[in-house]
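Colleague: Quick one: this structure, given as structure tokens, is what I'll be asking you about.
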Amino acid sequence: MPSGSTQFRYTQTPSKVLHLRNMPWESTEEELVELCKPFGRVVNTMCNVGANRNQAFVEFADQNQAISMVSYYASSSEPAQVRGKTVYIQYSNRQEITNNKGTGDSSGNVLLVTFEGVQPNDVSIDVIHLVFSAFGFVHKIATFEKAAGFQALIQYTDAPTALEAKNSLDGRSIPRYLLAQHVSICHLRITFSAHKDLNIKFQSHRSRDYTNPYLPVNPTAIEGIAQVCL
């Protein structure tokens, strides 16, 4: 690496979100997580952003984990690399990645919920429905697994209902008595999704359409049961 270049902006205030530049434009979320996971748990990512699609953001579960990554490469003779390209890393001005689909804080009728501290099968879809239906009629739910962990898309009738649910539940935990015995806590992190309508193909333990009682039941469907229509 040339002596005149640095990978980090030392004067920036530390954040649990890191900004990565000079990423290969076709790099994947999996490659980003692979680069970062030796330093801690990655809870959210945003890939292929910027005019040249060569920037990315990664959010760690804890700020100290982000500091650990910055400190390591600041003192290492080997730069961070993805597909042989040197990646330049600095703290982000943001304190969290609000939506990994780039919708920012724009409200909508579909919420993206991340369940922290649990495994995919620890929180049933019936519990999810019970918690979120307290704020209005839940039309559809689709659950899935991403780098951020176990997540769900939850569709309400309108944006105001979704906003009320988000404001009431974001940062809160599901009541302990609704969880399995081996689960000590389930923390909710909620953002708005860019999706408007969820196209659920089957009723199953991973997806539900509460507006269509005639939808076929497929209890063994795990993957590929929910597609999203914008």
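Colleague: The conditions are (1) more than 17 Å from the chain's Cα centre (by Cα); (2) buried (at least 16 other Cβ atoms within 10 Å of the Cβ), and residue 56 fails exactly one of them. Which is it?
Modeller: (1)
Colleague: For residues that are under 16 Å from the mean Cα position of the chain (by Cα) and among the polar types (S, T, N, Q), scanning just the stretch 22-53, find the one that is nearest to residue 82 (Cα to Cα).
Modeller: Applying the filter and picking the extreme gives 28.
Colleague: Examine the stretch 115-125 for a residue that is assigned by TED's automatic domain parsing to the domain that holds residue 152, surrounded by fewer than 14 Cβ atoms within 10 Å (Cβ to Cβ) and modelled with pLDDT under 85, and state whether such a residue exists.
Modeller: Yes, the stretch 115-125 contains a residue that is assigned by TED's automatic domain parsing to the domain that holds residue 152, surrounded by fewer than 14 Cβ atoms within 10 Å (Cβ to Cβ) and modelled with pLDDT under 85.
Colleague: Could you tell me whether residue 96 is at pLDDT below 90, assigned to a loop (DSSP other than H, G, I, E, B) and surrounded by 13 or more Cβ atoms within 10 Å (Cβ to Cβ)?
Modeller: The answer is yes for residue 96.
The values are calculated or read from the model by the stated rules, or taken from the named source; none is laboratory data. Computed from a predicted model, the values in this text were never measured in an experiment. Don't worry about glycine lacking a Cβ; one is built from the backbone with ideal geometry, like all the others, and counts go over all protein chains shown.
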